[in-house]
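**Student:** Mind having a look at this structure? Questions to follow.
The values are calculated or read from the model by the stated rules, or taken from the named source; none is laboratory data. In this text the structure is predicted, and so the values were computed from the model without any measurement. Note that we place each Cβ from the backbone using ideal geometry, even for glycine, and neighbour counts take in every protein chain shown.
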Ligand SMILES: NC(=O)C1=CN([C@@H]2O[C@H](COP(=O)(O)OP(=O)(O)OC[C@H]3O[C@@H](n4cnc5c(N)ncnc54)[C@H](O)[C@@H]3O)[C@@H](O)[C@H]2O)[C@H](O)CC1
Ligand SMILES: [K+]
């Protein structure tokens, strides 16, 4: 079912209704999101000889990144996960993903707010990777990007490495398609449920790259009002 461009509120409402009204656990939506993004990377030839660096934020976009890490690891890809969060700060679905990765022996680390001067360490991790997955910010973006996320986004944009953005290029406003402070310039964007309204704004494609929609299991009864007019 083709879905028309969605606003930030619409897509966040769909996730919430699927969980609250239909009893579809958000972890299921997250798993479908991350699995679909990982499958696209494998279609690009990402495999056992590929090194993938996954940068995760403190929310559910970060949780999606944790799912991507697990699925890529399962097919032999060398993954490294960096969480831009304070140790122990993760909550809900993101915390679940962190814990699963931790118990699975998948390499992950925190980059905490005091680590601003570790930009060189981040540059080195980026240089040692073939792909970067942007799981820093999605529809939870509420203010211009600054601080360590600004440092990280600038670093990956400068690196020339191919970037896959999850749901939205971090820093891009879902409704206006404007970069708030700074935004990831992605090779491609795996966006969940449906395209975002801002993707059609002039200049937005400089940040999204090629956009593909990942269907995450939201039941048709919720999607029908958003069906694209053929
Ligand atoms: N909701 C669902 O069931 C699903 C959501 N999916 C993914 O979740 C994100 C939205 O997640 P959310 O936790 O609401 O927010 P983010 O992860 O995008 O942001 C994290 C966190 O960051 C803080 N924040 C906001 N602006 C800034 C900023 N400028 N600098 C630093 N930090 C900022 C704010 O506190 C946010 O809470 C959605 O995009 C999907 O990727 C699943 O994919 C499907 C199920
Ligand atoms: K993102």
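**Student:** Looking at the structure I just gave you, is residue 143 out of contact with any helix residue (DSSP H, G or I) (no Cβ under 6 Å at 6 or more places or on another chain) and within 16 Å of ligand 2 (Cβ to nearest atom)?
**Tutor:** yes
**Student:** Scan region 143-159 and tell me whether some residue there is assigned to a helix (DSSP H, G or I), more than 9 Å from ligand 1 (Cβ to nearest atom), in contact (Cβ under 8 Å) with a residue 40 or more places away in the chain and within 24 Å of residue 44 (Cβ to Cβ).
**Tutor:** yes
**Student:** Let me ask you something else. In region 205-222, how many are in contact (Cβ under 8 Å) with a residue 12 or more places away in the chain and within 13 Å of residue 165 (Cα to Cα)?
**Tutor:** Total meeting the criteria: 9.
**Student:** To continue, here is another question. Among the residues of region 52-67, which ones are crowded, with 24+ Cβ neighbours inside 10 Å and within 12 Å of ligand 2 (Cβ to nearest atom)?
**Tutor:** 54, 55, 56, 57, 60, 61, 62, 63, 64, 65
**Student:** Follow-up. Specify which of the listed residues (115, 134) is under 16 Å from residue 62 (Cβ atoms) and either at pLDDT below 95 or within 14 Å of ligand 2 (Cβ to nearest atom) (or both).
**Tutor:** 134
**Student:** Mind listing just one residue for me: the one in region 152-163 that is surrounded by 21 or more Cβ atoms within 10 Å (Cβ to Cβ) and touching a helix residue (DSSP H, G or I) at 6+ places or on another chain (Cβ under 8 Å) and, of those, nearest to residue 187 (Cα to Cα)?
**Tutor:** 163
**Student:** Checking residue 103 against (1) under 30 Å from residue 176 (Cβ atoms); (2) modelled with pLDDT of 95 or more: exactly one of these is not met. Which one?
**Tutor:** Of (1) under 30 Å from residue 176 (Cβ atoms); (2) modelled with pLDDT of 95 or more, only one is false for residue 103: (1).
Results for (1) away from ligand 2 (no atom under 13 Å from the Cβ); (2) modelled with pLDDT of 95 or more; (3) under 12 Å from the mean Cα position of the chain (by Cα); (4) closer than 25 Å to residue 47 by Cβ, shown as yes or no for each residue.
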| position | (1), (2), (3), (4) |
| --- | --- |
| 126 | yes, yes, no, yes |
| 186 | no, yes, yes, yes |
| 194 | yes, yes, no, no |
| 213 | yes, yes, no, yes |
| 219 | yes, yes, no, no |
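**Student:** Also: Any idea how many residues of region 68-81 are more than 10 Å from the chain's Cα centre (by Cα), under 26 Å from residue 15 (Cβ atoms) and either within 16 Å of ligand 2 (Cβ to nearest atom) or in a loop (DSSP other than H, G, I, E, B) (or both)?
**Tutor:** 2
**Student:** If I go through region 179-200 residue by residue, how many of them are more than 26 Å from residue 123 (Cα to Cα) and surrounded by 17 or more Cβ atoms within 10 Å (Cβ to Cβ)?
**Tutor:** 9
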